[in-house]
Amino acid sequence: MTPTINSKLPNVGTTIFTVMSGLATEYNAVNLGQGFPDFPMSHELTGLVDKAMKDNFNQYAPMPGWMPLREAIAEKANFLYGASVNPDTEIIITPGGTYAIYSAFTAILRPGDEVIVFEPAYDSYIPNIEINGAVAVRIPLVYPDYHIDWEAVKKAITPKTKAIIINSPHNPTGSVIGEKDIEALRAIIAGTGIFIISDEVYEHLIFDAIPHQSMLRYPDLLERSFVCFSFGKVYNCTGWKLGYCIAPAPLMKEFRKVHQFNCFSCFTPSQVALASFLKNREAYLGLSSFMQSKRDAFSQLMQATRFDLLVSHGSYFICAKYNRISDEADKDFAIRLTKEAGVATIPVSAFYQDSKDDKVLRFCFSKNQDTLERAVEKLVHL
């Protein structure tokens with residue numbers, strides 16, 4: 001008898017990102033779908049990695065991460081957010097932000113637990129929850145500015161609620177949370193045992209002089225939070241798959257139990273390089289203005305089209321309505337756009353479990369200027 005697998009993720013198939021990237025390659029389209037830069041990363045940072053390898057930092061790093069890097073992260077957290085973080089017990093280096101989120105969920109969830117998720121949502125969240133036997137309680141963000149309906153959150157809280165996952169700046173919409181959101185969150189979880197998973201991988205890609213509302217700013221929220229970050233998003237090296245998580249020592253103890261029997265240790269030369277590079281504060285402080293200039297340039301170019309851009313205050317992304325062009329479903333329109341116009345995007349319905357379709361596409365503007373110009377040259381003819 002041939003063994004069969006009773007899938008833990010029966011509803012998961014090929015992702016829309018794989019589909020659209022495949023189409024982009026097949027039709028030689030300009031790919032504004034997937035969220036990665038097409039411009040070089042810092043030569044100083046790559047040089048530091050090269051130096052680390054030549055200096056023989058090529059063996060296993062400690063399970064929680066290279067200590068000088070954890071110390072640099074703790075210093076950064078204090079500098080930016082006034083947080084007092086112990087690098088020995090409260091920080092771990094991970095192979096990317098997505099891994100950090102998965103490990104946080106795995107540390108806390110048991111079968112039957114509920115997690116509040118805001119949609120549209122980054123596509124890993126719900127599979128992460130379900131593979132741990134828990135249930136995603138989905139709450140839609142309010143279209144078209146994609147803000148959180150906190151009254152809906154209050155109504156969704158039950159004795160089974162184990163966690164709320166927050167993502168700001170938000171993928172796919174570019175929305176960000178503000179001080180009123182923090183106040184609402186604080187009021188809802190006060191006196192409960194609810195955890196916070198805070199996806200802050202775009203912490204430095206926030207625009208329009210808006211302060212990033214990190215959980216690290218708020219001791220009462222941090223004490224129940226796993227705060228997840230990505231070096232790939234900060235330093236335009238998504239292929240490095242390197243990130244980190246900050247959490248109070250009791251929470252981090254459980255996170256490390258998951259980590260040590262999964263990844264155990266991350267790529268050492270990059271950790272050694274980043275420990276030095278983080279001392280250059282301008283390298284991350286200047287990111288918001290750099291990426292905002294790309295958002296603004298793309299927005300200016302898109303004025304010549306019949307797309308209507310929505311507001312984006314952060315991330316690599318901006319969404320656009322296309323109702324002046326077509327009344328097709330967003331997935332159908334995105335596929336046709338790739339095949340006929342030669343521009344690949346992502347339909348926002350892909351970020352909803354029920355494929356809610358507001359007829360909106362997501363564009364990635366983290367590209368070279370000539371890439372953006374080539375894309376818009378094709379879109380103006382629609």
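State whether the stretch 139-241 is rounded, prolate or oblate according to the following rule on the C-alpha gyration tensor (a ≥ b ≥ c being the square roots of its eigenvalues): a/c under 1.5 gives rounded; otherwise a/b larger than b/c gives prolate, and the remaining case gives oblate. Judged from the Cα gyration tensor, the stretch 139-241 comes out prolate (a/c at least 1.5, a/b above b/c). Per-residue ellipticity at 222 nm computed for the chain from its helices equals -11000 deg cm²/dmol, with DSSP H segments shorter than 4 residues left out and the rest contributing -39,500 (n - 2.57). Placing dummy labels 7 Å off each Cα toward the beta-carbon, the span from Glu328 to Gln34 is 2.3 nm.
To the nearest µm²/s, what D does Stokes-Einstein give for the stretch 59-280 at 10 °C and 1.306 mPa s, using the Kirkwood radius over alpha carbon pairs as Rh? Answer, rounded: 91 µm²/s.
A DSSP coil position with no more than 15 other Cβ atoms inside 10 Å describes none of the GluC sites (Glu not before Pro) in the stretch 51-100.
Note the listed values (i) 133; (ii) 158; (iii) 144, then indicate which one is volume of the Cα convex hull per residue in Å³ calculated from this particular structure. The calculated read-out lines up with (ii). Relative contact order for the chain: 25 percent, from Cα pairs under 8 Å spaced at least 6 residues apart, divided by residue count. Here the residues Glu151, Glu340, ranked from fewest to most Cβ neighbours within 10 Å of their Cβ, fall in the order Glu151, Glu340.
With an 8 Å cut-off on Cα pairs and a minimum separation of 6 or more residues, tell me the relative contact order of the stretch 69-130 in percent. Please report the intermediate quantities before stating the final value.
Values: 30 pairs, mean separation 15.3, N = 62.
About 25 percent, as a whole number.
Could you please state, rounded to a whole Å, how far the C-alpha centre of the stretch 280-322 is from the C-alpha centre of the stretch 19-54? With the stretch 280-322 and the stretch 19-54 each reduced to a Cα centre, they are spaced 18 Å.
Annotation: aspartates and glutamates with alpha-carbon distance below 12 angstrom to Lys331 (same-chain offsets under eight excluded): Asp357, Asp358. Over the stretch 46-172, the Kirkwood radius and the radius of gyration, each from Cα atoms, give a ratio Rg/Rh of 1.07.
Please order His147, His43 by the number of other Cβ within 10 Å, starting at the fewest. Walk me through the intermediate numbers first.
On the way: His147 18, His43 8.
Ranking His147, His43 by Cβ neighbours within 10 Å, fewest first, gives His43, His147.
Among Met252, Met67, which comes first, then next, by fewest other beta-carbon atoms within 10 Å?
Values: Met252 23, Met67 15.
Placing the least packed residue first, the sequence is Met67, Met252.
Taken together, the values in this text are just the output of simple stated rules run on the coordinates, not laboratory data. This one's a predicted model, so the numbers in the text were calculated from it and none came from an experiment. Cβ sites come from the backbone with ideal geometry, for glycine too, and all protein chains shown count toward neighbours.
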